[in-house]
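What follows is a short report on a single structure.
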Amino acid sequence: MSVLIPWYERDEIALTLAANEPSFCARDIEIIVINCSGSSDHLSELIAASGLQSVRQLDICNTCFNKSLALNIGLRYARAPLVLTLDADIIVLSDGFAEMINWIDEKSFVTTEWVYESDQRPAESEIFTSLAMVNDFTTRLVATAVLDFSFRDGTTVCHQLSRRDLVDGLRAGPGLLLARKADLIAIQAYNSNLDGWGWEDDDVLLRLQHVLGLRRHQKGIALHLSHGDDRRILHRKNRRLSDRANFAACCRNYNDNVFVGTYVTDVDATLEQVAESSKSNLGPASRPNDALPLVSGGYVPSFSSGLPHCGVSDGTRVASPAQLDWSRKPPSRDQLLIEAAMGKLISASSGVLHVGVGDSGLARRFACRVGYVDGITLSEREISVADQLRMANYHGVMCNKYSDRLISLLPHKTYDVIVDNNIASYACCQFHLNALMRVYSKLLGAGGTLLTAEQGLHWSVGDECWRLTQCDLCYLAENAGLFVTKVGQSTYGLRRKDDPLPATSCPVDLGSRNVPEEREWIV
């Protein structure tokens with residue numbers, strides 16, 4: 001399969017390539033990133049930063065970004081018989097590739113069934129809030145908009161305009177298309193005459209159905225890194241006007257019995273304007289500038305203004321039970337980046353501790369590849385979801401990670417990998433935050449790694465003081481006898497000081513600094 005990713009000055013490509021790496025590497029997939037009027041050097045840097053091996057970069061010299069043009073040129077260079085179109089801000093979840101491939105044949109194509117937004121917004125109506133669905137007898141409410149095209153030859157195409165799950169906030173992904181290369185070329189692929197954003201994807205889907213009589217299947221799930229309309233190429237129109245203008249242009253084509261794209265025209269016109277380069281890099285571990293900033297002598301943590309001690313043994317700050325339940329939410333971008341790094345550290349005998357199990361997605365993806373997975377959570381709903389999986393080597397434990405009983409409650413006493421996306425999440429005081437780091441140090445087996453995300457340092461419930469800096473992470477690690485390495489895109493690994501540095505890690509250069517004397521709240 002060839003994956004085509006059109007690109008124009010979107011820094012997210014480094015993160016999405018890294019997060020998609022496990023899916024890409026699990027099967028023979030060719031990655032082609034098509035730069036249409038963007039900076040070639042900038043894209044090369046982003047691909048190198050992703051750590052993904054063997055990416056083909058195509059650079060098109062064009063006056064402005066045109067998604068349809070980029071995809072047509074990518075299709076021309078694709079070597080595989082199957083083609084998947086992917087955006088620069090889309091991460092495929094679970095084994096979405098396999099799910100989509102299983103449904104494609106000579107009489108069909110596949111689009112992505114459901115897309116999560118990384119920035120989950122409130123439900124569209126108060127009727128569909130979590131309070132209304134508290135008993136979960138209704139598991140899905142799907143609203144679908146359909147447009148029937150009837151043509152003079154007596155044929156009709158029932159085209160799905162949109163599809164939304166009002167309970168979980170999902171939407172269909174018509175632009176994430178898996179099709180046979182031969183079928184796309186048969187309809188002359190995309191129409192680069194469409195201007196701005198909107199309807200270029202629907203146009204292809206409708207023509208595949210009308211011209212070739214193909215069936216549309218909807219399979220697989222993905223995560224969209226949410227953004228505003230300012231990131232879309234609208235060519236001086238707003239989103240709605242751009243979509244309507246392209247829809248009107250397509251309807252004029254259909255009315256004139258024109259059901260072809262501009263593939264041949266685009267390929268001929270850009271014959272001398274396309275440059276190709278293959279990017280094989282050693283990943284972020286080989287980049288010395290990936291080290292954290294130096295921590296000068298006498299460094300004072302940014303969180304030191306917080307409460308020294310909460311006064312209880314099991315401390316945590318949670319405003320409501322709803323804050324605890326992530327069982328119906330998609331994995332975050334940070335979680336997927338951590339899992340990409342984790343895949344390079346585990347073996348068949350590894351033990352994994354997942355702090356904050358959410359929908360148990362990590363366990364579902366990795367339990368078959370490791371010795372055991374233990375997960376802790378404060379959510380009864382998350383425990384219920386974990387129990388329903390009935391996996392022999394996966395155990396969910398109801399426990400507060402800041403509790404002094406954490407070690408005694410865990411099924412195992414050592415772990416090769418500990419995953420905690422947000423180390424300071426729900427932190428109650430400085431005492432328990434430091435105590436947690438020392439507990440993690442004790443739980444790490446020989447050569448073990450604690451994985452956390454760069455973005456996760458900045459998320460917590462409570463005061464601003466718990467939004468850690470990179471230097472704070474180094475400070476906390478050193479107090480617990482750990483050191484910090486860069487193990488992947490926006491992902492840090494903390495290891496015990498007596499462990500050797502893994503070959504795949506980039507050491508964090510702390511320089512020659514004097515660690516400040518421990519304060520009274522550090523025990």
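For S37, indicate whether it is in contact with an Asp or Glu (Cβ under 8 Å, 6 or more places away or on another chain) and at pLDDT below 95. It is false that S37 is in contact with an Asp or Glu (Cβ under 8 Å, 6 or more places away or on another chain) and at pLDDT below 95.
Cβ separations smaller than 9 Å between residues 6+ apart or across chains give the following pairs from region 26-55 residues that are among the hydroxyl-bearing types (S, T, Y) to residues that are in a strand (DSSP E or B) and at pLDDT 90 or above: S37/I60; S40/Q57; S40/D59; S40/A275; S44/Q57; S54/E30; S54/I31. Being touching a residue at least 40 places away in the same chain (Cβ under 8 Å), outside any helix (DSSP H, G or I), in contact with a helix residue (DSSP H, G or I) (Cβ under 8 Å, 6 or more places away or on another chain) and among the aliphatic types (A, V, I, L, M) is not true of V211.
Restricting attention to region 83-101, the residues that are modelled with pLDDT under 90 and in a loop (DSSP other than H, G, I, E, B) add up to 3. Within region 374-430, the set of residues being touching a Cys at 6+ places or on another chain (Cβ under 6 Å) and either part of a loop (DSSP other than H, G, I, E, B) or not assigned by TED's automatic domain parsing to the domain that holds T449 (or both) comprises C428, C429.
Comparison of L241, L223 shows that the only residue that is modelled with pLDDT of 85 or more and closer than 21 Å to I90 by Cβ is L223. In this structure, is F259 part of a loop (DSSP other than H, G, I, E, B), outside the structural domain of H432 (by TED's automatic domain parsing), in contact with a helix residue (DSSP H, G or I) (Cβ under 9 Å, 6 or more places away or on another chain) and modelled with pLDDT of 60 or more? Taking the combined requirement at face value, the residue satisfies it.
Within the span defined as region 16-26, every residue fails to be crowded, with 24+ Cβ neighbours inside 10 Å, touching a Gly at 6+ places or on another chain (Cβ under 9 Å) and at pLDDT 95 or above. Among the residues of region 144-189, the ones that are of a type in the set (F, W, Y) and not in a loop (DSSP other than H, G, I, E, B) come to 1 in all.
Just wondering, is there one or more residues in region 97-105 that are among the aromatic types (F, W, Y) and under 18 Å from N20 (Cα atoms)? So far as region 97-105 goes, yes, one or more of its residues are among the aromatic types (F, W, Y) and under 18 Å from N20 (Cα atoms).
When you look at L353, is it crowded, with 19+ Cβ neighbours inside 10 Å, among the aliphatic types (A, V, I, L, M), touching a residue at least 12 places away in the same chain (Cβ under 8 Å) and assigned to a loop (DSSP other than H, G, I, E, B), yes or no? Considered against the rule, which asks whether it is crowded, with 19+ Cβ neighbours inside 10 Å, among the aliphatic types (A, V, I, L, M), touching a residue at least 12 places away in the same chain (Cβ under 8 Å) and assigned to a loop (DSSP other than H, G, I, E, B), L353 comes out as no.
The values are calculated or read from the model by the stated rules, or taken from the named source; none is laboratory data. Small disclaimer: the values here were computed from a predicted structure and weren't measured. Positions of Cβ are backbone-derived with ideal geometry, glycine not excepted, and every protein chain shown enters the neighbour counts.
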